[in-house]
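Peer 1: Structure in structure tokens, see below.
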Amino acid sequence: MIVKEMSRHDCSSVVQEGHVACLACCLDDKPYVVPITYAYSGNCLYAFSMPGRKIDWMRKNPNVCLQIDASSEGEWKSVVIYGRYQELAPTGQWHREYLHAWSLLEKRVNWWEPGGLKPAPQEVSGHYPHLFFSIDILEMTGRACCASETCN
Ligand SMILES: Cc1cc2nc3c(=O)[nH]c(=O)nc-3n(C[C@H](O)[C@H](O)[C@H](O)COP(=O)(O)OP(=O)(O)OC[C@H]3O[C@@H](n4cnc5c(N)ncnc54)[C@H](O)[C@@H]3O)c2cc1C
């Protein structure tokens with residue numbers, strides 16, 4: 001087995017083909033990692049969420065890191081993304097991005113479930129607390145482990 005650096009193009013392919021990432025954020029020197037579902041377009045990942053710890057932390061520190069991988073029969077590809085959190089408000093300057101995020105994410109069946117459900121019952125109120133956010137990709141690296149030098 002050998003490990004190779006992946007090209008930007010190969011990294012993009014892994015991100016494009018995947019839909020779940022481990023999202024790491026950090027506050028006051030404490031790390032926090034959770035899986036999220038994403039859509040990839042342009043130089044951004046888009047996601048849907050309810051308010052909670054990760055959103056609180058990313059609002060305070062927008063620098064995040066994500067890891068996405070693909071594996072088959074002992075071979076693997078892993079991509080690490082360094083990025084910046086941007087909350088997409090439904091109105092004002094982020095309105096178009098908000099609709100763009102929604103239109104990409106809703107292509108998956110039951111797309112809202114993983115981000116919309118919480119263990120405790122949510123307060124019933126007149127407004128919906130859910131939100132969309134983007135991660136602008138600042139840097140992306142990839143490594144692939146495969147059987148021979150010529151593998152893809
Ligand atoms: C395959 C998959 C896809 C998902 N997709 C999304 C998505 O697109 N959007 C989204 O918002 N969420 C998604 N989730 C759920 C996500 O991983 C979090 O559980 C959820 O977002 C709540 O995070 P929070 O920071 O708001 O936690 P809070 O409700 O604020 O709770 C924080 C506390 O709960 C614990 N906790 C929270 N989440 C987890 C977890 N996953 N595992 C173990 N402990 C946890 C933390 O350690 C902390 O103690 C997905 C989960 C999976 C497995």
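Each reported figure results from applying straightforward, stated rules to the coordinates on display, with no laboratory input. Small disclaimer: the values here were computed from a predicted structure and weren't measured. In this analysis, Cβ positions are derived from the backbone assuming ideal geometry, glycine residues included, and neighbour counts consider all displayed protein chains.
Peer 1: In whole angstrom, note down how far apart the Cα centers of region 23-67 and region 69-114 are.
Peer 2: A separation of 11 Å, based on Cα centres.
Peer 1: Lysines within cross-link reach of Lys30: Cα-Cα under 21 Å, excluding same-chain residues under 8 positions apart?
Peer 2: Cross-link targets: Lys54, Lys60.
Peer 1: How long is the gain from Gln67 to Ala120 if the chain were fully straight, where each residue apart is worth 0.36 nm and the alpha carbon distance is subtracted?
Peer 2: Working: separation 53, 0.36 × 53 = 19.08 nm, distance 2.79 nm.
Gain on stretching Gln67 to Ala120: 16.3 nm.
Peer 1: Here is a follow-up. Relative to the present Cα-Cα distance, how much length would full extension add between Asn43 and Arg108 at 0.36 nm per residue of separation? Walk me through the numbers before you get to the answer.
Peer 2: On the way: separation 65, 0.36 × 65 = 23.40 nm, distance 2.01 nm.
Stretched fully, the Asn43-Arg108 segment lengthens by 21.4 nm.
Peer 1: Among Val79, His95, Pro31, which residue has its Cα positioned farthest towards the positive end of the charge dipole of region 1-122, with +1 placed on the Cβ of Lys and Arg, -1 on the Cβ of Asp and Glu, and the dipole taken about the Cα centre?
Peer 2: The Cα lying farthest towards the positive end belongs to His95.
Peer 1: Ok, one more. Can you tell me how much longer the chain between Leu138 and Arg8 gets when fully stretched, taken as 0.36 nm per residue apart minus their C-alpha distance, in nm with one decimal?
Peer 2: Details: separation 130, 0.36 × 130 = 46.80 nm, distance 1.24 nm.
Length difference between fully extended and current span is 45.6 nm.
Peer 1: While we're here: Mind putting a number on the dipole of the chain about its Cα centre? Charges go on the C-beta only, +1 for Lys and Arg and -1 for Asp and Glu, and I need it in Debye to the nearest 20.
Peer 2: Working: 14 positive and 17 negative charges, 64 e Å.
With Lys and Arg at +1 and Asp and Glu at -1, about 300 debye.
Peer 1: Let a ≥ b ≥ c be the square roots of the eigenvalues of the Cα gyration tensor of the chain; is it rounded (a/c under 1.5), or, if not, prolate (a/b larger than b/c) or oblate?
Peer 2: Prolate shape, in that a/c is at least 1.5 and a/b is the bigger ratio.
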